[in-house]
Amino acid sequence: MDKPVFGVKEAEKTYQARYGAYVVIPRADGEIVLVQAPNGAYFLPGGEIEVGEDHEMAIRREMLEEVGFEVVIGTYLGEAVEYFYSRHRDTDFYHPGYFYEVTSFVKVAEPTEKTNVIEWHSPQKALMLLKRGSHRWAVEQWLQRHG
């Protein structure tokens, strides 16, 4: 299966690669957690895979930073690629994202990143709020598994 691509790769632009790992974290009531960045944009929890990290290591670090959770990583939902321009970094990015579901979580601390807002939403509302097409795609993949 071809990985989905979001955004448009423009021939005249130079893209910086930024690999990320993200998760869909559901609560028992069916709502999923979203992270709202300081600029108001919503994302799934997760982020850039740093040098020396694999997907699981990046997810575990990002969960502590963004939501203060320790998580059990479940099914791999897939990879989706996004091309986008970041005004904040003044950079065009080629951004492969690797998406997983979380089967359980426990809050172990307050998030170490203090600039984000953590919100729980129905998957349907999340699909409307999420900024990146790749993140919406991951929620759709999760919904196909869990209805």
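The values are calculated or read from the model by the stated rules, or taken from the named source; none is laboratory data. Since the model is a prediction, treat every value here as computed from it, not as a measurement. Positions of Cβ are generated from backbone atoms using ideal geometry, with glycine treated the same way; all protein chains shown enter the neighbour counts. Quick note on the areas: whole protein, heavy atoms, side chains included, nothing else; ligands and nucleic acids left out. Shrake-Rupley method; radii C 1.70, N 1.55, O 1.52, S 1.80 Å.
Scanning the stretch 90-113 for residues that are free of Cβ contacts under 8 Å to residues at least 60 places away in the same chain and open to solvent by 30 Å² or more (accessible area, probe 1.4 Å) gives 90, 103, 104, 106, 107, 108, 109, 110, 112, 113. The condition of being in contact with a His (Cβ under 7 Å, 6 or more places away or on another chain) and of a type outside the set (Val, Ile, Thr) holds for only one of 119, 82, 140, 113, that being 82. Starting from the stretch 114-134, take each residue that is within 20 Å of residue 21 (Cα to Cα) and free of Cβ contacts under 8 Å to residues at least 40 places away in the same chain and list its partners that are open to solvent by 60 Å² or more (accessible area, probe 1.4 Å) and polar (S, T, N, Q), counting only C-beta distances under 9 angstrom and pairs at least six apart or across chains. Final answer for the pair search is none.
Highlighted here are the strands (runs of 3 or more DSSP E) found entirely within the stretch 24-129 that include at least 1 residues which are of a type in the set (A, V, I, L, M, F, W, C), out of contact with any Gly (no Cβ under 8 Å at 6 or more places or on another chain) and within 19 Å of residue 143 (Cβ to Cβ): 32-36, 69-86, 91-107, 117-121.
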